[in-house]
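Take a look at the structure set out below.
The values are calculated or read from the model by the stated rules, or taken from the named source; none is laboratory data. This one's a predicted model, so the numbers in the text were calculated from it and none came from an experiment. No Cβ is skipped: glycine too gets one built from the backbone with ideal geometry, and neighbour counts run over all protein chains shown.
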Amino acid sequence: MAILVDETKRVLIQGITGREGITRARLMKGYGTQVVGGVTPGKGGQAVEGVPVFDTVREAWEQVGPIDVSVLFIPAPLVKSAALEAIDAGVKLLVIVPDRVPIYDVLEIADAARRAGARFVGPNTLGVISPGRGVLGMIGGRAESARAWFPPGPVGVTSRSGGMTSSTAYYLAQAGIGTTTLVHVGGDAVVGLPHPEAMKLFEHDPDTQAVVMFGEIGTSQEEQVADLIEAGAFTKPLVAYIGGKAAKSGTRFSHAGAIIEGGRGTHAGKVARLREVGAHVVESFADIPRVTKEVLEG
């Protein structure tokens, strides 16, 4: 199995006629993702990469049938209206790629998703890929490279850094370790599917034997993962790396979601808490493949 995406999921692309939408439609379709439609207001009746374009999400649903996932390539100021439209139409998973989405807009999206029983990944995410099964967003860049870089296997990957999502899986693959699903949770301070929520999904995926987490300073996502382990809600082996060791309080590291304030979200605090509950925390990113292999071999 996998989490969030596989070959059965019916996918919509909002903003499909824009430059990014066209490019990523090519990636997703080429990889085998079941892209059933696209939406750009005023562009209904067109087609992109053989995918029919509609003016609204509801129209797409009526014409092509139920939609499981919508991937948003929408300018940040318009993300809220597009996301709410998708949720209102009945879509249960959104992948919100753009960055710089206003935080109050994200909170409104989160409230609407909660009330509708939906979830979203991002904003500020490269997306999700289940090797050999489907991709949402832009991980891999091109279908050919995504196939070459990310073989299927028993390890889940969740990361707060887009680049390190791909790098983690790539270096695992070089060590002969494939992956079930890669999730870039998003780089902002408020995201729809943070590390702890991804861990809950991996916990219930029978094909995921272990998880690698690329964490960072700032927010309490990694500490919340430790809480899950302590409570017995996540029981699989976890290999973790925390970036930002040299950062001091008040330092912004990499992106908006990684900032230390008042001693909270520190590298030392995250490492100590994860080790306290039995996670395999590595000091060097290069150690991830070796430690993961040791964990899998038991």
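For every residue, the table says whether it meets (1) closer than 23 Å to residue 197 by Cα; (2) touching an Asp or Glu at 6+ places or on another chain (Cβ under 8 Å); (3) part of a helix (DSSP H, G or I).
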| position | (1), (2), (3) |
| --- | --- |
| 3 | yes, yes, no |
| 16 | no, no, no |
| 21 | no, no, yes |
| 24 | no, no, yes |
| 45 | no, no, no |
| 70 | yes, no, no |
| 79 | yes, yes, yes |
| 91 | yes, yes, no |
Checklist (1) assigned to a loop (DSSP other than H, G, I, E, B); (2) modelled with pLDDT of 90 or more; (3) surrounded by 21 or more Cβ atoms within 10 Å (Cβ to Cβ) applied to residue 257, failing item: (2)
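For every residue, the table says whether it meets (1) of a type in the set (D, E, K, R); (2) closer than 21 Å to residue 120 by Cα.
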{"residue": "150", "(1), (2)": "no, no"}
{"residue": "157", "(1), (2)": "no, yes"}
{"residue": "176", "(1), (2)": "no, no"}
{"residue": "187", "(1), (2)": "no, yes"}
{"residue": "192", "(1), (2)": "no, yes"}
{"residue": "214", "(1), (2)": "no, yes"}
{"residue": "220", "(1), (2)": "no, yes"}
{"residue": "227", "(1), (2)": "yes, no"}
{"residue": "241", "(1), (2)": "no, no"}
Criterion (closer than 25 Å to residue 91 by Cβ and not in a helix (DSSP H, G or I)) met by exactly one of 201, 136: 136
Options 219, 158, 179: the member that is among the polar types (S, T, N, Q), outside the structural domain of residue 33 (by TED's automatic domain parsing) and farther than 20 Å from residue 113 by Cβ: 179
Odd one out for residue 107, checked against (1) closer than 24 Å to residue 19 by Cα; (2) in contact (Cβ under 8 Å) with a residue 40 or more places away in the chain: (1)
Subset of region 107-125 that is in contact with a His (Cβ under 9 Å, 6 or more places away or on another chain) and on the phi > 0 side of the Ramachandran plot - its residue that is surrounded by the most Cβ atoms within 10 Å (Cβ to Cβ): 122
Criterion (charged (D, E, K, R), touching a Lys or Arg at 6+ places or on another chain (Cβ under 7 Å) and surrounded by fewer than 22 Cβ atoms within 10 Å (Cβ to Cβ)) met by exactly one of 49, 62: 49
Qualifying positions in region 135-149 - on the phi > 0 side of the Ramachandran plot and touching a Phe, Trp or Tyr at 6+ places or on another chain (Cβ under 8 Å): 140
Tally of residues being among the β-branched types (Val, Ile, Thr), out of contact with any helix residue (DSSP H, G or I) (no Cβ under 8 Å at 6 or more places or on another chain) and under 17 Å from residue 286 (Cα atoms) across region 127-184: 1
Region 110-136, subset out of contact with any strand residue (DSSP E or B) (no Cβ under 9 Å at 6 or more places or on another chain) and in contact (Cβ under 8 Å) with a residue 12 or more places away in the chain, residue farthest from residue 66 (Cα to Cα): 112
